[in-house]
Amino acid sequence: TSDSEEFDQRHNLSSCGLHQQRVPKHHGYWTGYNDANDIPPIWNSLVCQTSQWRNTSKVNQCLRNKKLLLMGDSTTRQWVENLPALILGNYKFDIGKLADVSSLPRVSAQFYKTINFSVNFLFHPHAISKMEISPAVLAKIRYEVEILDTYEIKQCKNTLGILISPWAHFAQWTRHSFEQRLQKLKEAVVRFHSRCPQVPIVLKGPHVRDHRSPESRLYTSDYLLQQMGVLMRELFRETGVWFLDVWDMNLSYPSRKVIHMPGVVVQQELSMFLSYVCDTR
């Protein structure tokens, strides 16, 4: 497309709301690699109208007196680790590839006293991987369905949003088993929204990753991961869940496609999330 067509496409987008069903051929593009001020590049979404959350006052206003619940894998935990970049305005803050994954927490929380904001992360259970999880930690990990079903109505008032990202450790499951898991989650989401209709739920899709072994290419191929995203989008259509598709964002970023992408990518995922839960609510 020409520059003028790109400009028109960007400025005719609707907000990132539940009515947004349009899925463009290309989801967006990166700009700002050669910025003279050394500001990290940004993702320009062609899916919906997003904001760049690089104004600490705006970020704090959105998060103040709220709590955020994140349920997923280590790519979801990266959201917890990169939130300070937005809250503190340190945009060069970049947590890339995680250290020894087996030593990192499966259940964690952060609290920002100055704005009374808390974020809780819960690792999903029954993940197939080489990770070793102690029985004590495993006892703290609950299914997303259980968490949603036991979420108290009084908690809903101050909940900024709930993110669910059930993909990175389930590529080895059969399609039928994974679809059953998603169906149970979908039913729990419907029950949750009957009690707390005002709380936005976001479903984050998979992203491309590198494959350094024949086993990886077989059991976590990009095709399998992409099809998981297609299934997630279709199954949760018209449930009140916003599907956050980050495939193109991660694929087009100029770096090796590791499972734990650089912090600048994670921060742009967070910006899209905030553009939905803050700008459209």
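Observations
- Take the Cα of Ser194, step 7 Å toward its Cβ, do the same at Asn120, and the gap between the two points is 2.3 nm.
- Under the criterion of Cα pairs below 8 Å and six or more residues apart, the relative contact order for region 172-265 equals 37 percent.
- Potential extension, Gln155-Ser108 segment - 0.36 nm per residue separation minus Cα distance: 15.1 nm
- Phi angles of region 154-168 translate, via the Karplus equation with coefficients 6.51, -1.76, 1.60 and θ = phi - 60°, into HN-Hα couplings of 5, 6, 5, 4, 9, 8, 5, x, 10, 10, 10, 9, x, 9, 4 Hz per residue; Gly and Pro are given as x.
- Burial ordering of Arg209, Arg233, Arg256, fewest other beta-carbon atoms within 10 Å first: Arg256, Arg233, Arg209
- For region 210-277, applying the loop criterion from DSSP together with a ceiling of 14 other beta carbons within 10 Å to the GluC sites (Glu not before Pro) yields Glu238.
- Residues Trp30, Trp242 arranged by fewest to most Cβ contacts within 10 Å: Trp30, Trp242
- Label-to-label distance, nm, for residues given as Arg256 and Lys25 (7 Å Cα→Cβ offset): 3.3 nm
- Residue-count net charge about His211 - beta-carbon cut-off 14 Å; Lys, Arg +1, Asp, Glu -1: +2
- Volume of the Cα convex hull of region 155-281, divided per residue and given in Å³: 110 Å³
- Cβ-to-Cβ counts within 10 Å put Lys184, Lys204 in ascending order as Lys184, Lys204, the fewest first.
Quick note: the coordinates plus some simple rules give every number you see, no bench work behind them. All values reported here derive from a predicted model rather than from experimental measurement. Counting neighbours? That spans all protein chains shown, and the Cβs are built from the backbone with ideal geometry, glycine included.
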